[in-house]
Amino acid sequence: MNEMQLMAAQLRLERSHALALARACAGSSGGPPALREAAAAYLACILGWFQQRDARLVQLAQRRAADEPGRSLGAALAVPADSAAALALLAEQPGQGWQVLARFLEGPWSQRREALEQWLRAHARVADWRTVTGLTAEVILEERGLWSRAEPLLPGKAAPAAAGSPP
């Protein structure tokens with residue numbers, strides 16, 4: 001796997017984790033408070049990173065505005081389904097916010113993300129990927145840490161054994 005493929009795989013992983021958490025919290029019971037707290041922490045961080053990535057993509061689009069790839073990137077960025085909108089949905093609609101957020105992440109947000117990543121795959125150089133994604137070892141470890149706190153709380157996952165408990 002080359003470096004761009006590794007970065008694309010990390011972005012897909014972050015998206016799939018965000019969707020899994022939003023779906024779990026959107027379930028009929030909304031999940032336990034610990035799940036909602038872990039999901040909110042994960043989503044706030046990850047969606048914030050995607051918003052920062054979009055800002056860096058805007059800068060890239062401005063540098064390429066005169067050429068056709070720049071125009072197609074600008075069109076994808078203009079779709080009003082960014083990560084700030086996703087976080088606002090959750091904050092604006094208490095109670096049913098998780099359901100609204102899950103539908104938004106599954107639909108418009110994922111479609112926008114896929115269009116942006118497709119553009120990157122077709123038109124960006126490795127240096128562009130590095131700049132836009134901002135992926136570093138520290139970022140990946142932070143994502144993994146947030147996910148490791150949330151994943152065991154998902155429905156159907158076995159809760160981790162308490163320290164000192166027999167296996």
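The values are calculated or read from the model by the stated rules, or taken from the named source; none is laboratory data. This one's a predicted model, so the numbers in the text were calculated from it and none came from an experiment. Ideal geometry is used to build each Cβ from the backbone, glycine not excepted, and the neighbour counts take in all protein chains shown.
Remarks
- Any chance Ser148 is in a helix (DSSP H, G or I), of a type in the set (Ser, Thr, Tyr), modelled with pLDDT of 90 or more and surrounded by 16 or more Cβ atoms within 10 Å (Cβ to Cβ): no
- Any chance Ala124 is of a type in the set (Gly, Ala, Ser) and over 19 Å from Ala20 (Cα atoms): yes
- When residues of segment 9-37 are limited to those that are of a type in the set (Gly, Ala, Ser) and modelled with pLDDT of 95 or more, the one farthest from Pro152 (Cα to Cα): Ala9
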